[in-house]
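All remarks here apply to the structure that follows.
The values are calculated or read from the model by the stated rules, or taken from the named source; none is laboratory data. What you see is a predicted model; the values in this text were computed from it and never measured. Here Cβ is always computed from backbone atoms with ideal geometry, including for glycine, and neighbour counts include all displayed protein chains. Ligands, DNA and RNA are excluded from the accessible area calculation, which covers all protein heavy atoms including side chains. Shrake-Rupley method; radii C 1.70, N 1.55, O 1.52, S 1.80 Å.
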Amino acid sequence: MVTEIKSEDGKILLKFSESITIHNVSDTKSVLDKVEVEEGVKVDFTEVAEIDSAGFQLLYTFLRDLRRSGVMVEFIGLSEPIKNFCSTYNLEL
């Protein structure tokens, strides 16, 4: 779930915490749909305690679309659950 959105160094900081799961994917998508990015995005997953395939799919699609439109995406923190999920399914953000 997105808990903070702010502008930092000309980029948008998206801070996630708690969980990114099917239980809150709709709310998370509503927030992400409103984010307007021009230069870049910093994504902080430091406080994410849980992620499932629905949450990952939402994030992957959002970040893929940003990259396709030329937006730089930078990760400033990956929690163990995020690392484990990616490792288990051989995925890259």
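Structure notes:
- Å² per residue, accessible surface of the range 8-93 at 1.4 Å: 60
- Portion, in percent, of the accessible area of the chain that falls on carbon or sulfur, probe 1.4 Å: 46
- Given charges at Cβ of Lys, Arg, Asp, Glu: the chain dipole, positive-most of 2, 45, 88: 88
- DSSP beta bridges in the chain [antiparallel fraction, %, rounded to 5]: 30
- Listed by chain and number, the lysines whose C-alpha is less than 18 Å from the C-alpha of residue 29, apart from same-chain residues fewer than 8 away, are 6, 15, 42.
- Highest average packing first - 35-48, 1-14, Cβ atoms within 10 Å: 35-48, 1-14
- Charges were assigned to the Cβ only: +1 to each Lys and Arg, -1 to each Asp and Glu. The resulting dipole of the chain about its Cα centre is roughly 240 debye.
- Rg/Rh ratio calculated on Cα atoms of the range 1-82 (Kirkwood radius): 0.93
- Simple label model, 7 Å out from Cα along Cβ direction - residue 7 to residue 35, nm: 1.6
- Length-normalised contact order of the range 42-88 in % [C-alpha pairs under 8 Å, at least 6 apart]: 63
- Ellipticity estimate at 222 nm from DSSP helix runs (n ≥ 4, -39,500 (n - 2.57)) divided over the chain, nearest 500: -11000 deg cm²/dmol
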